[in-house]
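Q: Below are the structure tokens for one structure; questions will follow.
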Amino acid sequence: MSRIAIAVLLLAACGGDDDGGSGDAGGADGAPEADGGGGDLAPPPADGQFVAMEMGWGETGTAYTQVFGSILDPRPLFHRLDMEAGACRYYVYQPADCSPCDGICDSDGECVPFPTSLSAGTVTVSAPAADVVMPYHEYGYYADAPPPEDLFGAGDPVSLDAAGGEVAAFSLDTEGVPAISIDLVEGGDTGDDTLELNDGADLELTWDDPEPGSRVGLQLKSNNGAHGTPVFAYIDCEADDTGSLVVPRAMIEAFPAKPYQNICAGTDCPPSLLTRFHRVRTEVGDREMELLVGFQRQFIVVHE
């Protein structure tokens with residue numbers, strides 16, 4: 001995989017290619033901050049992003065677990081914030097020509113160079129089912145063998161320990177969360193595991209059994225222009241888990257047209273995501289490190 005594809009893949013998976021935000025940047029004296037990011041909206045992206053996520057496709061798909069991460073210097077931002085309301089932000093990417101560019105042209109026509117990937121030595125994510133050991137690779141961190149499907153359960157302790165390298169040693173601790181699920185279309189013209197975006201009204205998503213103290217994030221993603229490039233637009237919402245999220249009508253209506261696609265040729269047609277999680281952060285020198293632990297539901301968005 002090319003350097004550009006891996007960098008963008010990590011950004012998309014971590015939700016780190018957003019722009020701006022609210023919330024404190026880590027706790028006092030470098031201590032991990034409390035879950036929730038210090039405000040209603042997502043905080044700015046951290047330099048180091050590590051994820052331990054149990055995942056499920058739609059309502060019936062196979063469950064699996066991913067553990068990965070990266071420390072990027074700097075973490076690139078390609079999208080432009082276009083709209084903000086309630087718990088949600090709307091970002092757009094309008095490809096521009098800024099040749100010659102050894103990187104990607106952002107929405108303002110500026111060349112964003114490829115970031116440098118930094119090492120914090122071997123990183124170990126420990127959970128009741130296993131210790132997932134991740135040596136540093138050229139493009140970041142990933143497990144050499146698939147982690148167990150049930151790496152942790154709700155309330156189970158999950159910790160991360162980095163041995164130290166270019167970035168000094170650090171540790172982060174949090175706990176697992178229960179799975180989360182929303183009603184999706186089953187069958188029909190739009191296909192299975194689909195969320196339809198309808199103009200003319202806000203979109204309200206609800207789920208059973210909210211988990212006090214956890215956060216919920218929603219990313220509704222458009223298609224992109226080519227493999228490994230940023231999506232043209234996405235809606236990013238984050239709030240305390242109260243059992244519902246509301247996406248404003250204006251963002252739904254601004255979202256690009258998107259037919260049902262579960263297989264794409266020449267582009268990525270990435271899935272959209274609903275995530276229940278805990279986030280902890282700590283400062284290491286002048287950089288901020290983050291661990292997200294949670295459950296992520298993937299699905300397909302359709303917008304006529």
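Every number here is computed from the coordinates shown, using simple stated rules; none is lab data. From a predicted model like this one, the values you see are computed outputs, not experimental measurements. For neighbour counting, all protein chains shown are included, and Cβ atoms are generated from backbone atoms with ideal geometry for every residue, glycine included.
Q: What ranking do His137, His79 get, fewest neighbouring Cβ atoms within 10 angstrom at the top?
A: Ranking His137, His79 by Cβ neighbours within 10 Å, fewest first, gives His137, His79.
Q: Let me ask you something else. Normalised by the residues of the chain, what does the relative contact order come to in percent, with Cα pairs under 8 Å and at least six apart? All intermediate terms of the calculation are to be shown ahead of the outcome.
A: Working: 820 pairs, mean separation 69.6, N = 304.
In percent, rounded to a whole number, it is 23.
Q: Using the C-alpha gyration tensor of the stretch 148-304, what are the square roots of 5 times its eigenvalues, in whole angstrom, with the largest one first? Provide the component values of the computation, followed by the final result.
A: Working: eigenvalues 193, 80, 47 Å².
Taking √(5λ) for each eigenvalue gives 31, 20, 15 Å, largest first.
Q: A further question on this structure: With just the Cα atoms of the stretch 60-125, tell me how far they stretch along each of the three principal axes, in Å, largest first.
A: 39, 34, 24
Q: Related question: Only sites in a loop by DSSP and with at most 16 other Cβ atoms within 10 Å count here; which GluC sites (Glu not before Pro) in the stretch 115-185 make the cut? Working shown, then result.
A: Working: sites: Glu138, Glu149, Glu166, Glu175; in loops: Glu138, Glu149, Glu166.
The qualifying sites are Glu138, Glu149, Glu166.
Q: Give the relative contact order (percent, whole number) for the stretch 147-197; include only Cα pairs under 8 Å separated by 6+ residues.
A: Numbers: 54 pairs, mean separation 13.6, N = 51.
Worked out over the stretch 147-197, it gives 27 percent.
Q: Using unit Cβ charges (K, R positive; D, E negative) and no other charged atoms, how large, in debye to the nearest 20, is the dipole of the stretch 3-303 about its Cα centre?
A: 560
Q: With 10 angstrom as the radius, rank Arg276, Arg80 by how many other C-beta atoms surround their C-beta, starting from the fewest. Walk me through the numbers on the way to the answer.
A: Numbers: Arg276 23, Arg80 15.
Ordered by Cβ neighbours within 10 Å, fewest first: Arg80, Arg276.
Q: Sort the stretch 73-199 into rounded, prolate or oblate with this rule: let a ≥ b ≥ c be the square roots of the eigenvalues of the Cα gyration tensor; rounded if a/c is under 1.5, and if a/c is not under 1.5, prolate when a/b is larger than b/c, oblate otherwise. It would help to have the intermediate numbers written out before the result.
A: Details: a/c = 2.20, a/b = 1.11, b/c = 1.99.
Since a/c reaches 1.5 but b/c is at least a/b, the shape of the stretch 73-199 is classed as oblate.
Q: Grab the DSSP H runs of the chain that are 4 residues or longer, score each as -39,500 (n - 2.57), total them, divide by all residues and round the 222 nm result to the nearest 500 deg cm²/dmol.
A: The helix contribution divided over the chain gives -1500 deg cm²/dmol.
Q: Still on this structure, I have one more. Once amide H atoms are placed 1.01 Å from N in the peptide plane, what residues at a sequence separation of 5 or more from Val158, or on another chain, have their amide H within under 5 Å of its amide H?
A: Those qualifying (amide H under 5 Å, at least 5 residues apart or on another chain) are Thr174, Glu175, Gly176.
Q: Can you give the FRET efficiency to the nearest 0.05 for Asp202 and Gln94, using r as the Cβ-Cβ distance and R₀ = 22 Å?
A: FRET efficiency, Asp202 to Gln94: 0.30.
Q: While we're on this one: Can you give the Rg to Rh ratio for the stretch 91-142, taking only C-alpha atoms and Rh from Kirkwood? Walk me through the intermediate numbers first.
A: Working: Rg = 17.4 Å, Rh = 13.9 Å.
With Rh from the inverse mean 1/r over Cα pairs, Rg/Rh is 1.25.
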